[in-house]
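Only one structure is covered here, and it is reproduced in the block below.
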Amino acid sequence: MKVMTELKYDPRNYRIHTDKNKRLIKKSLEDCGTGRSILLDKNDVIIAGNGVYEQALELGLKVRIVESDGNELIAIRRTDLSTEDEKRKLLALADNHTSDTSMFDFAAVVEDFDIDELGDWELELPFDDIPTDVDRFFEGADKVENKRKTMVCPHCGKEIEL
């Protein structure tokens, strides 16, 4: 079994974990126990779950690593919970709500992806957060000829052709 402190935070984490987000993750772990797993690469760097890891580390939780090559879905069965349990309902609420209390670090995202890649994932960027090097951000946009992409402005709701 690996020690929690041997795992490494993702230096390029695309999420910003607010104080509220951290409080709610910690509350969920304290009140309901663990639910979802976190995801590591082969070097024990966290791909997904940096916020959960941070709070689990503070609480002194143990970690069990399950090896996978990504070709099967790994399901966690909580043997202590059933459908009508109050704790199960709280865990479902916490799992769905905590992600709402964190946000994308759009500056980090646009450093790693061009406009076409982000469009493929239907990621809507708030224009305030696009870095000042706009030419760099749009450099991949001219690679696709005759293919028009649009996005919806998150501020005014207007569809914009890119």
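With respect to the conditions (1) within 14 Å of the chain's Cα centre (by Cα); (2) closer than 25 Å to PRO154 by Cβ, ASP19 falls short on a single one, namely (1). Filtered by the rule that a residue be surrounded by 13 or more Cβ atoms within 10 Å (Cβ to Cβ), assigned to a helix (DSSP H, G or I) and out of contact with any Pro (no Cβ under 7 Å at 6 or more places or on another chain), the range 94-116 gives ALA94, ASP95, THR98, SER99, THR101, ALA108, VAL109, GLU111, ILE115, ASP116.
For every residue, the table says whether it meets (1) within 30 Å of LEU123 (Cβ to Cβ); (2) free of Cβ contacts under 8 Å to residues at least 24 places away in the same chain.
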{"position": "GLY51", "(1), (2)": "yes, no"}
{"position": "LEU59", "(1), (2)": "no, no"}
{"position": "ILE74", "(1), (2)": "yes, no"}
{"position": "THR83", "(1), (2)": "no, yes"}
{"position": "SER102", "(1), (2)": "yes, no"}
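Does ALA94 count as touching a residue at least 24 places away in the same chain (Cβ under 8 Å) and either more than 30 Å from GLY157 (Cβ to Cβ) or not aliphatic (A, V, I, L, M) (or both)? Taking the combined requirement at face value, the residue satisfies it. All of (1) farther than 19 Å from MET103 by Cβ; (2) at pLDDT below 95; (3) not charged (D, E, K, R) hold for PRO11 with one exception: (1).
The values are calculated or read from the model by the stated rules, or taken from the named source; none is laboratory data. Given the structure is predicted, the values throughout are model-derived calculations rather than measurements. Every residue, glycine as well, gets a Cβ built from its backbone with ideal geometry; the counts of neighbours run over all protein chains shown.
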